[in-house]
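Enquirer: My questions all concern the structure below.
The values are calculated or read from the model by the stated rules, or taken from the named source; none is laboratory data. Because the structure is predicted, anything quoted here is derived from the model rather than measured. With ideal geometry, Cβ positions are generated from the backbone for all residues, glycine too; neighbour counts draw on all protein chains shown. Accessible surface areas use protein heavy atoms only, side chains included; no ligands, DNA or RNA. Shrake-Rupley method; radii C 1.70, N 1.55, O 1.52, S 1.80 Å.
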Amino acid sequence: MKKFDYFRPQSLKELFSIYDENSAILAGGTDLLVDLRSGKKSFNKVIDIKGIEEFYGIRKANAGVEIGACETFSNILNSKILNKFTALKQAAGCMGCYEIRNRATIGGNICNSSPGCETGVVLSVYEATVNVCGKNGKRKVPFEEFCVGVNKTSLKRGEVVLSIFIPEIKNSKSFYSRISRTQGMDLACWNGAILVINPENPRRRKIRMSFGTVAPTPFRDKEVEKNLSNKKLTQKDIDMAFEEICKKISPRASSLRATPEEKKLAIKNFMNDILGNLP
Amino acid sequence: MKHKINLNVNGEKHSIEVESHHTLLYAIREILHLTGTKKGCGEGECGACTVIMDGVPVRSCLVLAVEADGKDITTIEGIAKDGKLTKVQEAFIEAGAIQCGFCTPGFIVAIEALLKKKKNPKRSEIIEALGGHLCRCTGYEAILKAIEKISK
Ligand SMILES: Cc1cc2nc3c(=O)[nH]c(=O)nc-3n(C[C@H](O)[C@H](O)[C@H](O)COP(=O)(O)OP(=O)(O)OC[C@H]3O[C@@H](n4cnc5c(N)ncnc54)[C@H](O)[C@@H]3O)c2cc1C
Ligand code: FES
Ligand code: FES
């Protein structure tokens, strides 16, 4: 690994006094240390944010929950407060392996912003908000504006993610699915999340769907969702929605993990599985 | 940048000097010379470098040595007490779950960490805890046999 200097600030003020353009933020290190080691990234400073209390906590917040950026996947899995967020729990359970989940954080997951990252599709259907902080104050970023490309976020220079707010959506059900090459540990070849509001009541029902690895960032199509909402669904409706999605996604043919056809099939199966079984 | 750090490794206190970019794995193997912990992939994929840090198993190749300052670390050398092998170690030997032995410290340490949290884990729970551990020799059959013995 190329040399760097390590800092462990104890407050946000101290963090912002040392955070410059040649620094990397270190949370769990499960992406950053791999990239530093391979030489994909190099920085003069590595700033460990795990000593700062503002990055912690899984707590109820007005009509939802707020998860500190440094909370690990293991903490998310073990949190009772998050029990209602089924898709998030499912995603956290699939993530990496036991030792990785003990270190990897949710903040690191979205900041690394890989196209199949575990939390991306989930935060996308929940329409989560990312609480961002910089030297000059805080701002809220809707999750759909947060990931802007492969390994790219809309964080401005000198900004960090403090926490993520997930609204609790009354009378809703959420689902998560992923495929990987091996049953043990592997990154998702494809993943998806579906959120259904008022599942038992077709006329008042709303559908949200997000798919990973088929575009640079989690893919949602609100037009398609609208066509699937507020009615009892027929197989034809689901098939038409699927065709529409296929026209708009852009899975890379060069992906080593899964072919575009495999990813499309995964979307189709997931939609049939969830939407096909709604009353 | 050099850092003076304190580690409590297998119950013994060590005060050592490390560079910012040194991993905990490097400190354990190259500074403390505890070579039971193995370096396989060096990037979190294989599990050979697993150690217990403050009660939880982590991949020491993905932890900086400075990050471990002040922490309790258990490596494979600290598992057997007073030369007496644990139930897990015995089970691995009896089942012949070791060929070259390179992956074994990681497997054993991961299972011991689970046993600290849960006295009688189910077979499925042990398998879940070992999800990210690779073995290139045994084909896992013998390891599964050892797990049967442990979960009995
Ligand atoms: C063996 C292995 C298996 C894996 N399996 C999976 C998997 O199944 N699914 C999956 O999604 N990922 C997987 N990953 C990738 C990785 O573990 C996750 O993306 C993880 O959530 C990253 O979190 P971290 O805390 O380790 O991030 P770090 O490595 O500490 O940081 C990642 C990036 O985000 C930045 N960053 C971190 N926190 C903040 C913050 N609060 N504000 C601003 N920037 C920040 C860092 O500077 C860095 O660029 C795997 C990695 C390994 C090594
Ligand atoms: S050497 Fe650390 S996981 Fe392979
Ligand atoms: S015994 Fe050789 S790698 Fe497992």
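Enquirer: In square angstrom and rounded to 100, what buried accessible area do you get between chains A and B, total over both, with the probe at 1.4 Å?
Expert: On the way: alone 14170 and 8360 Å², together 20230 Å².
Buried surface at the A/B interface: approximately 2300 Å².
Enquirer: Also, quick follow-up: Would you mind listing how long region A:1-115 runs along its three principal axes, going by Cα atoms, in whole Å with the largest first?
Expert: So the extents along the principal axes, rounded to whole Å, are 43, 31, 22.
Enquirer: Using helices alone, I'd like the mean residue ellipticity at 222 nm for chain A: each DSSP H run of four-plus residues gives -39500 (n - 2.57), total over residue count, nearest 500. Please list the in-between numbers first.
Expert: On the way: 11 runs with 88 residues, N = 279.
Computed mean residue ellipticity for chain A: -8500 deg cm²/dmol.
Enquirer: Order A:32-40, A:173-181 from most to least packed using the mean count of other Cβ atoms within 10 Å. Intermediate results must be reported in sequence, preceding the final value.
Expert: On the way: A:32-40: 16.9, A:173-181: 19.6.
Ranked by mean Cβ neighbours within 10 Å, highest first: A:173-181, A:32-40.
Enquirer: Would you mind working out the magnitude of the charge dipole of region B:1-74 relative to its Cα centre, with +1 at each Lys and Arg C-beta and -1 at each Asp and Glu C-beta, to the nearest 20 Debye? Each step should come with its number before you reach the end.
Expert: Working: 8 positive and 10 negative charges, 27 e Å.
Dipole size: approximately 120 debye.
Enquirer: What is the distance in Å between the Cα centroid of region A:182-236 and that of region B:88-139?
Expert: Centre-to-centre (Cα) distance: 38 Å.
Enquirer: Now, a different point. Round to the nearest 10 and give me the degree value, 0 to 90, for the angle of helix A:260-275's Cα axis relative to the longest principal axis of chain A.
Expert: Approximately 70 degrees, to the nearest 10.
Enquirer: Taking all protein chains together and a probe of 1.4 Å, list A:1, A:209 from the most accessible to the least accessible. It would help to have the intermediate numbers written out before the result.
Expert: Details: A:1 70, A:209 5 Å².
Sorted descending by solvent-accessible area, the residues read A:1, A:209.
Enquirer: For region B:63-152, which chymotrypsin sites (Phe, Trp or Tyr not before Pro) pass both filters: DSSP loop (anything but H, G, I, E, B) and at most 12 other C-beta atoms within 10 Å?
Expert: Numbers: sites: B:92, B:102, B:107, B:140; in loops: B:102, B:140.
Within region B:63-152, no chymotrypsin sites (Phe, Trp or Tyr not before Pro) qualify (loop, at most 12 other Cβ atoms within 10 Å).
Enquirer: In whole angstrom, and with the biggest value first, how far do the Cα coordinates of chain B range along each principal axis?
Expert: The Cα atoms of chain B stretch 48, 29, 24 Å along their principal axes.
Enquirer: Please compute, for peptide B:13-23, the average count of beta-carbon atoms on other protein chains lying within 10 Å of each residue's beta-carbon. Intermediate values should be presented prior to the final figure.
Expert: Values: counts 0, 0, 0, 0, 0, 1, 5, 8, 10, 3, 4.
Mean shielding count: 3.
Enquirer: Dividing the Cα radius of gyration by the Kirkwood radius, what Rg/Rh value follows for chain A? Walk me through the numbers before you get to the answer.
Expert: Details: Rg = 19.1 Å, Rh = 19.5 Å.
Taking Rh as the inverse mean 1/r over Cα pairs, Rg/Rh reads 0.98.
Enquirer: In vacuo Debye scattering of region A:105-225, one point per C-alpha: log10 I(q)/I(0) at q = 0.10, 0.14 Å⁻¹?
Expert: Log10 I(q)/I(0), no solvent term: -0.33, -0.62.
Enquirer: Still on this structure, I have one more. Kindly express, to the nearest 10 degrees and within the range 0 to 90, the angle between helix B:104-117's C-alpha long axis and the longest C-alpha principal axis of chain B.
Expert: 90 degrees
Enquirer: Here is a follow-up. Over region A:173-221, what is the relative contact order in whole percent, taking alpha-carbon pairs under 8 Å and six or more residues apart?
Expert: In percent, rounded to a whole number, it is 29.
Enquirer: In region A:80-99, which residues become less accessible by 20 Å² or more once every protein chain is in place, relative to the chain on its own, using a 1.4 Å probe?
Expert: A:97, A:98, A:99
Enquirer: A follow-up question, please. Which of the peptides A:47-60, A:227-240 is most tightly packed, and how do the rest follow, judged by the mean count of other Cβ atoms within 10 Å per residue? Don't skip to the end; give the middle numbers.
Expert: Working: A:47-60: 17.0, A:227-240: 14.2.
So the peptides A:47-60, A:227-240, ranked by packing, come out A:47-60, A:227-240.
Enquirer: Another one. In percent, how large is the relative contact order of region B:87-150, given Cα pairs closer than 8 Å and 6 or more residues apart?
Expert: 56 percent
Enquirer: For region A:28-178, what does the alpha-carbon gyration tensor say about shape, rounded, prolate or oblate, given a ≥ b ≥ c as the root eigenvalues, a/c under 1.5 as rounded, and a/b over b/c as prolate? Write down the numbers at each step before the final one.
Expert: On the way: a/c = 1.57, a/b = 1.31, b/c = 1.21.
Here region A:28-178 falls in the prolate category.
Enquirer: Still on this structure: In square angstrom, what is the accessible area per residue of the protein assembly as shown with a 1.4 angstrom probe? Don't skip to the answer; put the middle values down first.
Expert: Details: 20230 Å² over 431 residues.
Ligands and nucleic acids excluded, the result is 47 Å² per residue.
Enquirer: What fraction of the Cα pairs in region B:67-152, stated in percent, has a spacing above 17 angstrom?
Expert: Numbers: 1695 of 3655 pairs.
Tail fraction, whole percent: 46.
Enquirer: Relative contact order of chain A, please, whole-number percent, based on alpha carbon pairs below 8 angstrom and at least 6 residues apart. If you can, show how the numbers build up before the last one.
Expert: On the way: 573 pairs, mean separation 40.9, N = 279.
Rounded, it is 15 percent for chain A.
Enquirer: Also: What is the dipole size for region A:193-279, taken about its Cα centre, with +1 at each Lys and Arg Cβ and -1 at each Asp and Glu Cβ, in debye to the nearest 20? Walk me through the numbers before you get to the answer.
Expert: Details: 18 positive and 11 negative charges, 63 e Å.
Its charge dipole is roughly 300 debye.
Enquirer: A further question on this structure: Rounded to the nearest 10 degrees, what's the angle between the helix A:235-248 long axis and the longest principal axis of chain A, both from Cα atoms, 0 to 90?
Expert: Once rounded, the angle reads 40 degrees.
Enquirer: Output needed for region A:172-275: three equivalent-ellipsoid semi-axes, defined as square roots of 5 times the C-alpha gyration tensor eigenvalues, in descending order, whole Å.
Expert: Numbers: eigenvalues 125, 43, 24 Å².
Working through the eigenvalues yields semi-axes of 25, 15, 11 Å.
Enquirer: What list of ³J(HN,Hα) couplings, whole Hz, do you get for region B:130-143 from phi and the Karplus terms 6.51, -1.76, 1.60, once you set θ to phi - 60° and write x for glycine and proline?
Expert: 3J(HN,Hα) across region B:130-143, in whole Hz: 9, x, x, 10, 9, 10, 9, 9, 7, x, 6, 4, 5, 5.
Enquirer: Compute the length gained on full extension between residue A:56 and residue A:253: take 0.36 nm times their separation in residues and subtract their Cα-Cα distance, giving the result in nm to one decimal.
Expert: Working: separation 197, 0.36 × 197 = 70.92 nm, distance 3.95 nm.
Result for the pair: 67.0 nm of gain on full extension.
Enquirer: As I understand it, the dipole of region B:87-150 uses +1 on the Cβ of Lys and Arg and -1 on the Cβ of Asp and Glu, about the Cα centre. Which of B:103, B:138, B:120 lies farthest toward its positive end?
Expert: Towards the positive end, the residue furthest out is B:120.
Enquirer: Pop out the carbon and sulfur fraction of the accessible area of region A:53-167 as a percent, whole number, probe 1.4 Å. Mind showing how you got there, number by number?
Expert: Working: 2270 of 4560 Å².
The value for region A:53-167 is 50 percent carbon and sulfur by accessible area.
Enquirer: With only alpha-carbon atoms counted, please give the Rg and Dmax of region A:5-48, in Å.
Expert: That works out to 10.5, 32 Å for Rg and Dmax.
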